[in-house]
Every structure is written in C-alpha cells, then in structure tokens.
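The values are calculated or read from the model by the stated rules, or taken from the named source; none is laboratory data. Predicted model, so just to flag it, every value in this text is computed and none were measured. Cβ sites come from the backbone with ideal geometry, for glycine too, and all protein chains shown count toward neighbours. We work out accessible area using only protein heavy atoms, side chains counted, and drop any ligands, DNA or RNA first. Shrake-Rupley method; radii C 1.70, N 1.55, O 1.52, S 1.80 Å.
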Amino acid sequence: MPAQTLGHKTTAPRHDMSVVLVTGSYDHEIRFWEAWSGICSRTITRSGESGQINRLAISPDKRLLAAAIHKKVNIYDIASASSTPLVSFDGQNGHKNNVTSVSFHSEGKWLVTGSEDGTIKIWDLRSGQLHRNYDNGAPVNDVVVHPNQGELISCDQAGSIKQWDLSENICTHELTPAGEIPIRSVTLASDGSCLVAGNNKGKCYVWRVNEESSQFPRFQPVTKFQAHNKYLTRCLLSPDTKYLATCSADTTVKIWSVSHSYEFKLEKILQGHQRWVWDCAFSADSAYLVTASSDHTARLWEMASGETVRQYNGHHKAAVCCALHDGAS
C-alpha cells in the first residue's frame, strides 16, 4: 500500500497534502483535518458572507476544492492558507437556488453542478465561464460523472434518474423506478458497470449498466432493497466496487457487500453518530469511510472492524458534507 494513502499511519508534516480531508457545515465554515490526529489544520471562514455549505468536491490533482454554498460555487486553492476563493460561479449565469451537487471531470478542467433550480451546469475551470446548461425540469438532488467522462447521471425531486450525453448535449435515458418518490442520491461503480440510486423512503435500486452498442438495454434493472426505514441521504459505492455505503436520518451508516451477481448483503451497521448522517466518502483503497452528521461531528471508520477510529470535533452546527482524497494525484 502506498505510504501516501490513508491506510498507512505515517506522521506527516502539516504541509503534506497527501491526505485531503474536508468537511462543511451549517455553521458556514469549511474545515480541513489531519486524518489521523483529528486536528483541524485549516478553517475557511467566510466573514460577511452568508450561505450554508451543501456539498464539497476535491479535484483529481488535489489542487482545488469546490464548495457548493447556497446558490453559488466557490473554488479554493487547497495548498493556500487564504480564505478567498480563486473563483466563484454565481451571478447572471449562476444557479438561482441551492446547489446540491458538485463533481470534477477527471482531467480537472470542468466542474459539474446540479441545483434545486432544476438545472445542471458545466463550468470551465480555466476560463471561469459557464460552458453548458442542461434543463432538468425538476430540482436536482445529485449528479455524478460517468467514468467514461462522456456522460452525466443525475437524479431529482420528481423521481427521475437521467443520463446526459456531453457530446450531444441531450438527455439520452430516463428512469423512474418509484414513480414520483424523489431520488436523493446516485452512485456509479468506478468501472461504470453498476448504478445504484437511493430514494427518500430509504429504498435502493440497482441497475447493470451495459455498453450502448450491446443488444441489452443501457440500464438493466437487477435488484432493489430497503436499505433504511427512514430518509436516505446518500448512497456511495466504494472505489473497489465491493461495498455500498448508505447514510440515513436514522443516525446510522449501513455497509452492504456487493457480489458479482449484484446481490447486496448487509455486512455492518456503523453506529455512533447521534443525529442524521448526511454524507460519506471512501478512502482510495476502500478501507476507510468518512461520514458527516447533524451531531456537529465527522467520523473516520475502519471498514474491516466497523469501528470509529477518529472523530473530528469543531463545527458548531450540523456537518452536512465531507470530501476525502488520499489516492494518487
């Protein structure tokens, strides 16, 4: 295992950005943490600026942090100590309502955002300009970039999951697995072979994703299961595609093993948070999971034991989003 990953407990100097762990909160602060010591190494304070932090994303090269803050998106330099963003995506071309998702394209040149205003936008990080705008027609809850980097998968309040073709600028597929029940979260396997979506009623739906050129449908339903009896906030497949993490209003995170035949078996229930768990992020080797909760804390969990190995204290209100990048940049 490479020494720079989270899976290796080396004590690194503070400027070592090999592990980037960030949380965002309703207290309007963004905090960077030393993963193993639990020390907050940097706080981005936003004095004179309102708006809760909704989502966070770290660029593939670990250089940039994208923060969805109410209607706008700020891009911060991770290596800098400055709380001033490099660029903000807002104003005339910006979103008109809460930004609910942020994702970097693999080359780090584009940023994809989804919003409750019913649009998905692609931003050019080099020019700082809006590159493309998709009208989803309903408030967007989540957007992921397909590993082929040529498509987006979104989900929304109207209960739809859509695939957007980046080259043709159109919606090419639409799924509505549970009628009008809002789809809260979507996650794609790192090899693009599997799509999982979770809805507001705690149910997960799974599709095998086939090549467009195959004789099978693009999205082939394989299973569905009740992950939680309360509101589901996030579902996330691990980088090695062997596990699915589901976060919920029931204060737990559930870890499901994924078989080659797409059977999902409950392996562990991560218990410790006192209130809603909003977000999660896996380490690059899939051995650790970070979670953010309304109890004001974030936690680092060891997947093998299901135990909390570190708790991050410092936010004064709900911690609602987290991002982790400890892989190769």
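Observations on the structure shown:
- Filter result for Glu267 (open to solvent by 60 Å² or more (accessible area, probe 1.4 Å) and modelled with pLDDT of 95 or more): yes
- Per the conditions (1) more than 23 Å from Arg218 (Cα to Cα); (2) of a type in the set (Ser, Thr, Tyr); (3) within 19 Å of the chain's Cα centre (by Cα), the sole criterion not satisfied by Ser82 is (3).
- Residue satisfying condition, being under 28 Å from Ser286 (Cβ atoms) and among the charged types (D, E, K, R), within set Asp124, Asp156, Asp165, Asp191: Asp191
- Residue among Glu174, Glu168 that is open to solvent by 40 Å² or more (accessible area, probe 1.4 Å), farther than 20 Å from Gln226 by Cα and at pLDDT below 95: Glu168
- Only strands (runs of 3 or more DSSP E) whose full extent lies in the range 9-125 are considered here, and the ones with at least 2 residues that are of a type outside the set (Val, Ile, Thr) and open to solvent by 30 Å² or more (accessible area, probe 1.4 Å) are 40-44, 72-77.
- Meeting the requirement of 1 or more residues that are farther than 16 Å from Trp33 by Cβ and of a type in the set (Asp, Glu), the strands (runs of 3 or more DSSP E) wholly within the range 267-318 are 298-302, 307-312.
- From Gly179, Gly91, Gly128, Gly114, residue being over 19 Å from the mean Cα position of the chain (by Cα) and within 28 Å of Leu324 (Cβ to Cβ): Gly128
- Scanning the range 235-255 for residues that are open to solvent by 20 Å² or more (accessible area, probe 1.4 Å) and under 16 Å from Leu289 (Cβ atoms) gives Leu236, Pro239, Asp240, Thr241, Lys242, Tyr243, Thr251, Lys254.
- For the range 73-108, a residue qualifies if it is modelled with pLDDT under 95 and among the charged types (D, E, K, R), and the qualifying residues are Asp90, Glu107.
- Checking Thr246, Thr241 one by one, the residue that is out of contact with any Leu (no Cβ under 7 Å at 6 or more places or on another chain), at pLDDT 95 or above and polar (S, T, N, Q) is Thr241 and no other.
- Among all residues of the range 166-173, there is at least one that is part of a loop (DSSP other than H, G, I, E, B) and under 21 Å from the mean Cα position of the chain (by Cα).
- Counting the residues of the range 97-111 that are under 12 Å from Ile69 (Cα atoms) and either of a type in the set (Ser, Thr, Tyr) or over 18 Å from the mean Cα position of the chain (by Cα) (or both) gives 3.
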